[in-house]
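Novice: What follows is a structure written as structure tokens; I'll ask about it next.
The values are calculated or read from the model by the stated rules, or taken from the named source; none is laboratory data. Just so you know, these numbers come straight off a predicted model, no measurement behind them. Heads up, the Cβs are rebuilt from the backbone with ideal geometry, glycines too, and the neighbour counts pull from every protein chain shown. Heavy atoms of the whole protein, side chains included, go into the accessibility calculation; ligands, DNA and RNA do not. Shrake-Rupley method; radii C 1.70, N 1.55, O 1.52, S 1.80 Å.
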Amino acid sequence: MNLKRFGAPAVIAMTAALALSSCAANEGASGEPEASESTLSGNLVGAGASSQDSAQQAWIAGFQTANPDVTIDYDPSGSGAGRDTFLEGASDFAGSDRAFNDEELTAGGFAKCAPDTSIVELPLYISPIAVIFNLEGVDTLNLDAATIAGIFAGTIAAWNDPAIAATNEGVELPDTAITPVHRSDDSGTTENFTEYLGAAAPDVWTYEADGVWPFEGGEAAQGTSGVVDAVTNGTGTIGYADASRAGDLGTVAVQVGDEFVEYSPEAAAAIVDASPLAEGREAGDLAIEIDRTSEEAGVYPIVLVSYLIACQEYAEPENVELVKGYLSYIASAEGQEVAAEAAGSAPISDSLREQIVTAIDSIQ
């Protein structure tokens, strides 16, 4: 079906209805029919990754259009806050730009979940992290990993530094001080970015990957919007943010092997498909180990894989079918296209979708 010939509201309503009717046609693990579109009602509360916000608003609009008795609230408070909110039981689901780590999973204590149950982590939002900058007269730069790491570590302090000039022949680089901007909050975007720096430039970036910026220096800003605003309103500034928010700022093409690769949904999807799942996880926990040092042609290694996180088994049954319906819509080809149009994200592959649908079906 050619969705592009319909208006945006019609596409959203149609995609939600298609996804939900597909869910209703299937039976759950218990053998009982799952809730149909006409029976879904209630309120879902989610919180977490600000990178997902544009996609979440589009998903929520589509789902609520098809289900007028449903309301969904999503607070883009940041990945760390979202994980904490989910742990405390103040939300039905979380959005996070990283999966829970092994130590966090071992500690457990997910208040909404049944005792001794696991969680499902679904990689449903895939987007490149753009390295954004504001430098008058320069729209794009080619940078290798060591140079990017040196800029954010503070060892490369001026835009006409020889390391920058070496990969940008013919570009007029001013003698302007570089002001690196980083997130002030605990952020999965920061963890993904610092993971890339540590993997691709370990001699320069000697810090562990972490959602909290590892040292004082540069300029700190709250959330994705704060970083984008700080880079936009500064001079000689550079930062990192979900690529959907790059706007008119300058962006970096990252060296991969012998080529420089600009961010794109296609390049982001390519690195995800080339990377393995984390080992030792439960069947519904689809955490992905991104290969940050890949030299495969056409991949963009600074990618954010953002997860929708839910209980494998909820302590109370009230919103289980609503959670499954919403996640099923997000995972559908139509839901992924809605996110791509709204946020520039990369639709998941069919093979990954099959694994995600199986995980959603297992939620009780």
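Novice: Considering only residues that are surrounded by fewer than 17 Cβ atoms within 10 Å (Cβ to Cβ), at pLDDT below 95 and not in a strand (DSSP E or B), which ones fall in the stretch 259-280?
Specialist: Once the filter is applied, which keeps residues that are surrounded by fewer than 17 Cβ atoms within 10 Å (Cβ to Cβ), at pLDDT below 95 and not in a strand (DSSP E or B), the stretch 259-280 yields Ser264, Glu266, Asp273, Ala274, Pro276, Ala278, Glu279, Gly280.
Novice: If I ask for residues that are under 13 Å from Pro301 (Cα atoms) and touching a Leu at 6+ places or on another chain (Cβ under 6 Å), which ones from the stretch 190-217 would you list? Spell out how you get there, then give the answer.
Specialist: Taking the stretch 190-217 as the starting set, the residues that turn out to be under 13 Å from Pro301 (Cα atoms) are 192-201.
The one that is under 13 Å from Pro301 (Cα atoms) and touching a Leu at 6+ places or on another chain (Cβ under 6 Å): Asn192.
Novice: Of all residues in the stretch 283-324, which are open to solvent by less than 10 Å² (accessible area, probe 1.4 Å), of a type in the set (Ser, Thr, Tyr) and assigned to a loop (DSSP other than H, G, I, E, B)?
Specialist: Within the stretch 283-324, Tyr300 is the sole residue that qualifies.
Novice: Looking at Phe110, Phe133, which one is in a loop (DSSP other than H, G, I, E, B) and in contact with a strand residue (DSSP E or B) (Cβ under 8 Å, 6 or more places away or on another chain)? Give the steps one after another, and end with the answer.
Specialist: Details: Phe133 fails: in a loop (DSSP other than H, G, I, E, B).
Step by step, each of Phe110, Phe133 is checked, and only Phe110 is in a loop (DSSP other than H, G, I, E, B) and in contact with a strand residue (DSSP E or B) (Cβ under 8 Å, 6 or more places away or on another chain).
Novice: Quick test for you: out of Asp97, Asp102, Asp116, Asp139, pick the one residue that is among the charged types (D, E, K, R) and at pLDDT 95 or above.
Specialist: Details: Asp97 fails: at pLDDT 95 or above; Asp102 fails: at pLDDT 95 or above; Asp116 fails: at pLDDT 95 or above.
Testing whether each residue is among the charged types (D, E, K, R) and at pLDDT 95 or above leaves just Asp139.
Novice: Still on this structure, please answer the following. List the residue pairs whose Cβ atoms are under 9 Å apart, where the first residue sits in the stretch 142-158 and is open to solvent by 20 Å² or more (accessible area, probe 1.4 Å), the second is of a type in the set (Asp, Glu), and the two are 6 or more positions apart or on different chains.
Specialist: Ala146/Asp203; Ala158/Asp175
Novice: Give the residue, chosen from Ser328, Ser351, that is assigned to a helix (DSSP H, G or I) and more than 29 Å from Glu88 (Cβ to Cβ).
Specialist: Ser351
Novice: Could you tell me whether the stretch 71-84 includes any residue that is open to solvent by 20 Å² or more (accessible area, probe 1.4 Å), at pLDDT 95 or above and farther than 20 Å from Gly188 by Cα?
Specialist: yes
Novice: I'd like the full set of residues that are at negative phi, more than 15 Å from the chain's Cα centre (by Cα) and open to solvent by 30 Å² or more (accessible area, probe 1.4 Å), limited to the stretch 223-248.
Specialist: Quick first cut of the stretch 223-248, residues at negative phi only: 224-235, 237-246, 248.
Among the residues that remain, those that are also more than 15 Å from the chain's Cα centre (by Cα) are: 226-235, 237-239, 248.
Scanning the stretch 223-248 gives Asp229, Thr232, Asn233, Thr235, Asp248.
Novice: Let me ask another. Looking only at the stretch 226-253, which residues are in contact with a helix residue (DSSP H, G or I) (Cβ under 7 Å, 6 or more places away or on another chain) and hydroxyl-bearing (Ser, Thr, Tyr)?
Specialist: Matches in the stretch 226-253: Thr237, Tyr240, Ser244.
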